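See below for the structure under consideration.
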Amino acid sequence: MPRRTKSRKPMSEINVVPYIDVMLVLLVIFMITVPLLTEGVKVELPQAEANPIEEEAKRPFVVTVQADGRLSVVYDDDRKREDLDRQTLFELAAAYLRVNPNDPVLVKGDRNVSYEKVVEAMVILQRAGAKRLGLLTQPPEEPKRKR
């Protein structure tokens, strides 16, 4: 009995179904993790009519003074440190500003915290080498119009 060999042509199409499955799994993972990464400390900012901060490629060094006087820091695109003492804030800011001396440093103070605590944080940042220091506020709410 002669042996018959089937001649198979090589398939030149790529099966994309596994790639689509992987892409959908990654999409779901990112959809779940992104909201978790944007959490922060709840602070009631004072309202003021000020110019908004321009969008930059890198987030500024932001120090938050909470209503009870506790300090936290966000820097380098969402690296976070919470419940810092004054010395640790100084060391973190000094290390950051040695590498990024011209980056803006912003203070975000709760409207219920004493002015003294906000000024104290600003003094620590100035001693650490901050050349550009600013305050974050929230735009005022527009009054509701009656119909």
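None of the figures in this text is laboratory data; all of them are computed from the coordinates on show. Quantities reported herein were computed from a predicted structural model and do not represent experimental measurements. Heads up, the Cβs are rebuilt from the backbone with ideal geometry, glycines too, and the neighbour counts pull from every protein chain shown.
A few remarks follow.
- Relative exposure of LEU27, LEU71, judged by other C-beta atoms within 10 Å (fewest first): LEU27, LEU71
- Amide H contacts of PHE61: LEU106, each under 5 Å away and 5 or more positions distant or on a separate chain (H built 1.01 Å from N in the peptide plane; Pro and chain starts excluded).
- Among the GluC sites (Glu not before Pro) within the stretch 82-143, those in coil by DSSP and having at most 10 neighbouring Cβ atoms inside 10 Å are GLU141.
- Take the Cα of ASN112, step 7 Å toward its Cβ, do the same at GLU49, and the gap between the two points is 2.8 nm.
- The loop-placed chymotrypsin sites (Phe, Trp or Tyr not before Pro) in the stretch 67-135, going by DSSP, include none that has at most 14 neighbouring Cβ atoms within 10 Å of its Cβ.
- Residues with amide H under 5 Å from that of GLY109, placed H, sequence gap 5 or more: VAL65, LEU136
- Cβ-Cβ FRET estimate between ASP68 and ALA95, R0 fixed at 25 Å, reported to 0.05: 0.45
- Potential lengthening between LEU27 and ASP83 on full extension [0.36 nm per residue; Cα-Cα distance subtracted]: 16.8 nm
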